[in-house]
Amino acid sequence: MMGVKIYIVSDSLSFLAPESIIRLAASHFDGNDFEIIKIPNVKNSKKALEIINAAKENKSSLIVFSTILVEVRDLFILKCLEYIIQCIDILSNGVKALGKILKESPVYLSKGTWQLNDEYFNKIHTIEFVINNDDGKSLSALQKADIVLIGISRTSKTPLSIHLAYHNFFVANILLVSEATVPKHLFELSSKKIIGLTISPYRLNEIRTERNAYMGVLGNTSYSSLINIIEELEFACKVMKKIDCPVIDVSNMAVE
């Protein structure tokens, strides 16, 4: 039996629609324990982030949200993708479907509300592309991508991919580990759309050590070993030189 925490979030006091839908969905999974947590009046990113941080403490969490507020919607979408938390935007698909049937654009209530227009759904499409092609190696994905990020583990490939997707770029990323992990299709692409990410070995050692501690792994491992990191970086450097792509050092850079 699995225990699942379901956060139902609203920017008002109403939970009727999302709660009814999620309870019906849960009824199809007998023998599991579902804890529903209802959180009303979520009207800013600070409160939304508190919910996301609570959800990421439990690997079996789902966030179901209904909001017309730009900063709240964007934060739920981006952070849930970043932390690999399942989330459902209750409002968007309904408005999109009605707009298609009526062949009309929806009317919005105030300046603070967000618009479910083509730009919004294109943004969702690019974000979905990133998630589906995280460490992707298929030729079709690489050809469709506007940008292909390459680098070793923990060089910010995924967070940067999501950030770029939010700005409507289709992004794929490739993890460089060994010759066997480098797809041959990579060398068939224009080097202009490939970006290599590198980092200081000492900074990466800190990041991977912190990652090990977060995952409950004690002591030094091959993953966090400075010698191993240097070898990985040297291999990645050879691949990037062979492709002749631009290389960015992310050691002291924020994703933005």
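Throughout, read-outs are computed from the coordinates displayed, never taken from laboratory work. Since the structure is predicted, the reported quantities are computational estimates derived from the model, not experimental observations. Every residue, glycine as well, gets a Cβ built from its backbone with ideal geometry; the counts of neighbours run over all protein chains shown.
Note: the chain, Cα convex hull, 168 Å³ per residue.
In a simple Cβ point-charge model (Lys, Arg +1; Asp, Glu -1; nothing else charged), the chain has a dipole of about 280 debye relative to its Cα centre. Relative to the longest principal axis of the Cα atoms of the chain, the long axis of helix 226-243 lies at roughly 90 degrees. Cross-link partners for Lys241 among the lysines, with Cα-Cα distance under 30 Å and sequence neighbours closer than 8 places in the same chain left out: Lys137, Lys144, Lys157, Lys184, Lys192, Lys193. Helix 90-102: angle to the longest alpha-carbon principal axis of the chain, degrees 0 to 90, nearest 10? Once rounded, one gets 80 degrees. By the compact-protein rule of thumb, 2.2 N^0.38 Å, the alpha-carbon radius of gyration of the range 128-249 corresponds to a ratio of 1.06. Partners of Lys38 within straight-line reach, counting lysines whose Cα lies under 22 Å from its Cα and excluding those fewer than 8 residues away in the same chain: Lys5, Lys46, Lys47, Lys56, Lys59, Lys79.
Calculated mean residue ellipticity at 222 nm for the chain: -13500 deg cm²/dmol, from DSSP H runs with n ≥ 4 weighted as -39500 (n - 2.57), summed, divided by the residue count and rounded to 500. Under a Gaussian network description of the chain, with springs only between Cα atoms under 10 Å, the residue in Ala17, Ala165, Ala236 that fluctuates furthest is Ala17.
For the range 186-256, a Kirkwood hydrodynamic radius built from all Cα pairs, placed in the Stokes-Einstein relation at 20 °C and 1.002 mPa s, yields a translational diffusion coefficient of 159 µm²/s. Take the chain and mark each of the trypsin sites (Lys or Arg not before Pro) that is in a DSSP loop with at most 12 other Cβ atoms within 10 Å; the longest unmarked stretch, sites excluded, is 112-256. Distances between placed amide hydrogens fall under 5 Å for Thr198 paired with Ile248, Asp249, Val250, all partners being 5 or more residues away or on another chain. Which angle between 0 and 90 degrees, to the nearest 10, do you get for helix 45-56 versus the longest principal axis of the chain when only C-alpha atoms count? Tilt relative to the chain: about 70 degrees. The calculated FRET efficiency for Gln86 paired with His28, based on their beta-carbon distance and R0 = 25 Å, is about 0.95.
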